[in-house]
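Heads up, the thing below is written out as structure tokens.
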Amino acid sequence: MKYEWLLFDLDNTLLNFNVSEHYALAQALQTVDVIFNESHLKIYEKINRQCWEDFETGELPQAEINNLRFSRFLTALNLPNEDATQLGDYYLEQLSEKAVFMEGGQALLEEQHEKYQLGIITNGLKQVQRPKLIKSGLVDYFEIIVVSDEIGISKPQPAIFEHAFEKMNFPAKEKVLMIGDSLHSDIQGGINYGVDTCWYNFKDNENNSPIKPTYEINHLAALKTLGII
Ligand SMILES: [Mg+2]
């Protein structure tokens with residue numbers, strides 16, 4: 001066996017974040033008497049993306065993202081936005097309510113958790129990620145779980161991998177594989193730290209970036225069928 005440790009990203013790698021997001025948005029909008037539809041989703045996605053970009057360029061503190069995106073979202077829906085904080089808090093609460101596996105995710109963990117040591121490194125809020133990890137039953141499969149919000153460091157920074165490696169008792173880097181759907185955070189993060197990487201490209205996107213993963217798969221079952229693990 002080439003690897004001893006498999007490190008996974010969480011959202012859109014093991015669990016389907018899009019399903020959770022749609023559910024939480026629908027629940028949140030219901031509190032302001034709006035029936036959620038696809039056009040709301042498009043508006044929200046655009047606002048959300050802009051907020052995260054502003055965070056990444058340092059213009060917006062992470063703690064303000066949730067409030068601001070819901071304030072803008074309500075405004076875009078021609079609704080009063082003084083309840084944005086309350087709506088945002090409710091959204092985050094609902095975000096951990098529905099945890100659905102990505103296709104093949106549960107089977108993979110079931111098959112591999114006795115053969116490999118498993119870990120999760122996720123960029124996310126502890127108030128969302130921790131309940132989701134418990135509700136999905138994922139906690140039972142993993143030796144280590146690192147949530148960026150809990151340590152104030154996120155992927156692709158090498159320091160989050162260093163933190164994980166400390167919990168793993170510093171295995172040899174060549175014995176560790178990082179698997180995730182984001183070239184920017186998961187694959188770049190793995191490369192920065194010096195471990196092999198597997199890009200879970202479930203959308204079959206073209207990779208026009210300079211970020212080159214060690215492996216690429218479009219289904220989790222391919223980890224096994226391609227002989228990566
Ligand atoms: Mg992800």
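The values are calculated or read from the model by the stated rules, or taken from the named source; none is laboratory data. Given the structure is predicted, the values throughout are model-derived calculations rather than measurements. A quick note on method: Cβ atoms are made from the backbone with ideal geometry, for glycine too, and the neighbour counts reach across all protein chains shown. For the accessible areas, the whole protein counts, side chains as well, though only heavy atoms, and no ligand, DNA or RNA atoms are used. Shrake-Rupley method; radii C 1.70, N 1.55, O 1.52, S 1.80 Å.
Listing for the model above:
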{"read-out": "Solvent-accessible area of Glu64 with every protein chain in place, 1.4 Å probe, in Å² to the nearest 10", "value": "100 Å²"}
{"read-out": "Within straight-line cross-link reach of Lys42, aspartates and glutamates at Cα separation under 18 Å, skipping those fewer than 8 residues along the same chain", "value": "Glu21, Glu53"}
{"read-out": "Charge tally in the Cβ shell below 11 Å around His113, where Lys, Arg are +1 and Asp, Glu are -1, His113 excluded", "value": "-4"}
{"read-out": "When the chain is reduced to its Cα atoms, the Kirkwood hydrodynamic radius in Å", "value": "18.5 Å"}
{"read-out": "Cα lying deepest toward the dipole's positive end in the chain, options Leu183, Gln112, Phe8, charges on Cβ", "value": "Gln112"}
{"read-out": "For peptides 192-198, 84-90, sequence by mean Cβ density within 10 Å, most packed first", "value": "192-198, 84-90"}
{"read-out": "Highest-first arrangement of 75-82, 156-163, where packing means the average Cβ count within 10 Å", "value": "156-163, 75-82"}
{"read-out": "Of all accessible heavy-atom area on segment 41-186, the percent that carbon and sulfur account for (1.4 Å)", "value": "47 percent"}
{"read-out": "Per residue solvent-accessible surface (Å²) - the chain, probe of 1.4 Å", "value": "50 Å²"}
{"read-out": "Segment 72-176: trypsin sites (Lys or Arg not before Pro) falling in loop per DSSP and having at most 16 other Cβ within 10 Å", "value": "Lys115"}
{"read-out": "Pairs beyond 26 Å (Cα-Cα), from Lys46/Lys167; Lys126/Lys224; Lys135/Lys155; Lys126/Lys155; Lys98/Lys203", "value": "Lys46/Lys167; Lys126/Lys224"}
{"read-out": "Whole-Å distance, taken between Cα centres, linking segment 122-159 and segment 19-64", "value": "21 Å"}
